[in-house]
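Colleague: Right, I'll just put the structure down here and ask away after.
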Amino acid sequence: MPYTVDFENVSTTGLESSPVADALAGLRANEARYFKNKYDHVFTVSPADEAPEALDWVTRILSEERDIVIASRPLEATAFEVEGIRMAYVFYESGLSINVMYTIEDSGKRAVGFKLSEGMEVPEELAPRFKFARQKSKLAGVIRGSFFVIKGEY
């Protein structure tokens, strides 16, 4: 069942099994606030098993672009379109959040972003390949993030 993420009253709903559930909930709320403020979009997520298209799309891009397979269990996923940009998010039990930003126009930006919840280690499958920059968030504490540009067509 879809869950509307509330960024004013942060909840761990759907994320309870994560060892960093509070930080992951803050990270998810941070994303919800961003999309509400920038695009007036209400950020909703579903359990990963109820959003197979979003999960499969993200998984395929990771695999085909960089031969990455995420070891952690996906908890939630979402996919939507705003202002000509196809977006997808997957939130993992480890505290990892992966998003795909895919501009529909051929000349647009296309990238995969990784965000690590405060308190989690860099996953083994990402550690040797990416450097993570730190940013502070009122909702999520210290977020570490990285990204790569998508070269293929999806």
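The values are calculated or read from the model by the stated rules, or taken from the named source; none is laboratory data. Since the structure is predicted, the reported quantities are computational estimates derived from the model, not experimental observations. Positions of Cβ are generated from backbone atoms using ideal geometry, with glycine treated the same way; all protein chains shown enter the neighbour counts. Note: areas computed on protein heavy atoms with side chains; ligands, DNA, RNA excluded. Shrake-Rupley method; radii C 1.70, N 1.55, O 1.52, S 1.80 Å.
Colleague: Counting only residues that are assigned to a loop (DSSP other than H, G, I, E, B) and free of Cβ contacts under 8 Å to residues at least 40 places away in the same chain, which one in segment 38-70 is nearest to LEU27 (Cα to Cα)?
Modeller: If we take residues in segment 38-70 being assigned to a loop (DSSP other than H, G, I, E, B) and free of Cβ contacts under 8 Å to residues at least 40 places away in the same chain, then PHE43 is nearest to LEU27 (Cα to Cα).
Colleague: Let me ask another. If we keep just the residues of segment 93-110 that are of a type in the set (A, V, I, L, M, F, W, C), within 12 Å of the chain's Cα centre (by Cα) and over 14 Å from SER72 (Cα atoms), which is most open to solvent (accessible area, probe 1.4 Å)?
Modeller: Within segment 93-110, the match that is most open to solvent (accessible area, probe 1.4 Å) is MET101.
Colleague: Report whether or not PHE80 is buried (at least 17 other Cβ atoms within 10 Å of the Cβ) and either in contact (Cβ under 8 Å) with a residue 40 or more places away in the chain or of a type outside the set (D, E, K, R) (or both).
Modeller: Numbers: buried (at least 17 other Cβ atoms within 10 Å of the Cβ): no; either in contact (Cβ under 8 Å) with a residue 40 or more places away in the chain or of a type outside the set (D, E, K, R) (or both): yes.
The answer is no for PHE80.
Colleague: A follow-up question, please. Which strands (runs of 3 or more DSSP E) sit wholly inside segment 77-154 and have at least 1 residues that are within 23 Å of SER11 (Cβ to Cβ), among the β-branched types (Val, Ile, Thr) and modelled with pLDDT of 95 or more?
Modeller: Because the criterion is at least 1 residues that are within 23 Å of SER11 (Cβ to Cβ), among the β-branched types (Val, Ile, Thr) and modelled with pLDDT of 95 or more, the strands (runs of 3 or more DSSP E) in segment 77-154 that meet it are 85-92, 96-103.
Colleague: Any residue in segment 29-51 that is at positive phi, touching a strand residue (DSSP E or B) at 6+ places or on another chain (Cβ under 6 Å) and either modelled with pLDDT of 95 or more or of a type outside the set (Asp, Glu) (or both)?
Modeller: no
Colleague: Which residues, taken from segment 57-77, are more than 13 Å from SER97 (Cα to Cα) and in contact with a helix residue (DSSP H, G or I) (Cβ under 7 Å, 6 or more places away or on another chain)?
Modeller: ILE68, VAL69
Colleague: Please find, within segment 16-37, the residue that is surrounded by the fewest Cβ atoms within 10 Å (Cβ to Cβ) out of those that are free of Cβ contacts under 8 Å to residues at least 12 places away in the same chain and closer than 20 Å to VAL82 by Cα.
Modeller: It comes out as ASN37.
Colleague: Here is a follow-up. How many of the residues in segment 1-22 are within 22 Å of ASN37 (Cβ to Cβ), of a type in the set (Asp, Glu) and not in a loop (DSSP other than H, G, I, E, B)?
Modeller: Number of matching residues: 0.
Colleague: Out of segment 1-40, which residues are of a type in the set (A, V, I, L, M) and more than 17 Å from ILE98 (Cα to Cα)?
Modeller: Across segment 1-40, the qualifying residues are MET1, VAL10.
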